[in-house]
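A.B. asks: Please read through the structure below; I'll follow up with questions.
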Amino acid sequence: MKITRVETDLLRVPLPRPVSLPASQDPRSATAADVVLVRVLTGGGPVGLGFAYTLGGGGAAIRSLMDTVIADVVVGQDPASTESLYLKAWKELEGLGFAGLAARAYAAVDFALWDLKGKVSGLPVHQLLGGYRTQLKAIVSDTATPAVGTKQALRDTRIALDSGAAGVQIEIGTQDPEFDAERVRLMREGVPDGAWFEVSACGRYDFSTAVWMGEIGTQEFGLDGYSDPLPPEALNDLGRLIDRLDVGLSVGALYDRPTDFLRVIDRGGISAVRIDPLRLGGITPARKVAVAAELRHIAIYPVRLPEIGAHLSAGVVYGRMCEYVDWFAELFTGGPRFENNQLVAPSGPGLGLAVNEPVAAKFRV
């Protein structure tokens, strides 16, 4: 079987609620996501479906990279050769720099290749990755960002909890740590006891602020987890923070390369690594990080994108949780679903996704 063609489509999908952009402390928010759909065709065989998204624009650039560079890398190749195609794409895009838009563009194709693998074998992707479980705890990670008022955050969080989410991740890291702390306090008062209660600073704090928030978070708010308190490059400060705080630290949402994870995994002391398959360039590099973490008995949970993250978490031994957002619930049929307060990974072959064509037509750019 050979890849005969790569087809792309660009959509602008409204978000159910505004979302803070990752590196913004204003916070500047996005109200729509650029979604690039990709279909990998195989000359009469099954079609692999993948996608990438960006917040705040950039979808046209991703599509251009797919159409003008990445398609040439994969057309004529065996779609099962995910490792060699990933390395080939990495080398082809080396001059541009693989991290950033190039990685997101290739990730969509890599997702489609894994979707093809599953369709050919008749297995869901999570079984191809190891098939450790089919049900996950999922925490909702977009209902309580700085772009959302506290009243709306509590309302949307309660709806998610009632639907089956196990808890909430509150995004902090604005220019005013006391404002962050007040938001966390109000959320703590409104979130039911027993729900997982976590904060993520999105790498926006310096060391002293990260310590202060971690200490009051454990003493006053009973945090279950503290994610990405420091910028990715602050490895020495992360080590000091690990030694200083008595709360589970998770890092990695902003890491661009698998090797970025190795230093913190080898250092130890963290409770989990947060893996963004889109930022890394697909499932192929993401599973390498998951295996490295497993060898050190460190949990993983993927960043948002449950359509992909549920497969990754369900496939590996230490898939602790999966972050959940409902951004593309109308765009795709299939995918993970909540059942008895668990997120159930799809049982159909491949990613288990199909495009809702009338919805896609409505949002096509």
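Where a number appears in this text, it was derived from the coordinates with a stated rule and is not lab data. Keep in mind the model is a prediction, meaning the values are calculated, not measured. Every residue, glycine among them, receives a Cβ derived from its backbone with ideal geometry; neighbour counts consider all protein chains shown.
A.B. asks: Count the net charge of all other residues whose Cβ sits under 14 Å from the Cβ of Lys362, scoring Lys and Arg as +1 and Asp and Glu as -1.
C.D. replies: That works out to -1.
A.B. asks: Which aspartates and glutamates does Lys117 reach when only Cα atoms under 15 Å apart count, and residues fewer than 8 places away in its own chain are ignored?
C.D. replies: By straight Cα distance, Lys117 reaches Asp78, Glu83.
A.B. asks: Do any of Lys88/Lys119; Lys91/Lys119; Lys88/Lys362 go past 31 Å between their Cα atoms, and which?
C.D. replies: Lys88/Lys362
A.B. asks: For Val317, enumerate residues with amide H under 5 Å from its amide H, sequence gap 5+ or separate chain, H modeled in the peptide plane.
C.D. replies: none
A.B. asks: How much mean residue ellipticity at 222 nm does the chain get from its helices, if each DSSP H run of length 4 or more adds -39500 (n - 2.57) and you divide by all residues, to the nearest 500 deg cm²/dmol?
C.D. replies: -11500 deg cm²/dmol
A.B. asks: Separate question: Hey, fewest Cβ within 10 Å first, where do Phe261, Phe111, Phe363 land in order?
C.D. replies: Lowest count first: Phe363, Phe261, Phe111.
A.B. asks: I would also like to ask the following. Using amide H atoms built in the peptide plane, which far-off residues or other-chain residues are under 5 Å from Arg304 H to H?
C.D. replies: Under 5 Å from the amide H of Arg304 lie the amide H atoms of Glu323, each far enough along the sequence or on another chain.
A.B. asks: Check which residues have an amide H placed less than 5 Å from Ala33's amide H, if you skip close sequence neighbours.
C.D. replies: It is Val13, Leu15, by chain and number.
A.B. asks: Which ordering of Leu49, Leu295 is given by a fewest-first count of other beta-carbon atoms within 10 Å?
C.D. replies: With the sparsest Cβ surroundings first, the list reads Leu295, Leu49.
A.B. asks: Mind running the shape call on segment 5-122? Use the C-alpha gyration tensor, a ≥ b ≥ c as the square roots of the eigenvalues: rounded below 1.5 for a/c, prolate if a/b tops b/c, oblate otherwise.
C.D. replies: It is prolate, given that a/c is not under 1.5 and a/b is the larger ratio.
A.B. asks: For Cys322, Cys202, what's the fewest-to-most ordering of other Cβ within 10 Å of each Cβ?
C.D. replies: Ordered by Cβ neighbours within 10 Å, fewest first: Cys202, Cys322.
A.B. asks: Something else about it: Compute the distance in nm between two label points, each set 7 Å from the Cα along the Cα-to-Cβ direction, one at Leu87 and one at Ile242.
C.D. replies: About 2.9 nm, to one decimal.
A.B. asks: Also, I was wondering about something else. Just for the Cα atoms in the chain, what are the lengths along the principal axes, largest first, rounded to whole Å?
C.D. replies: Principal-axis extents of the chain (Cα, largest first): 60, 42, 36 Å.
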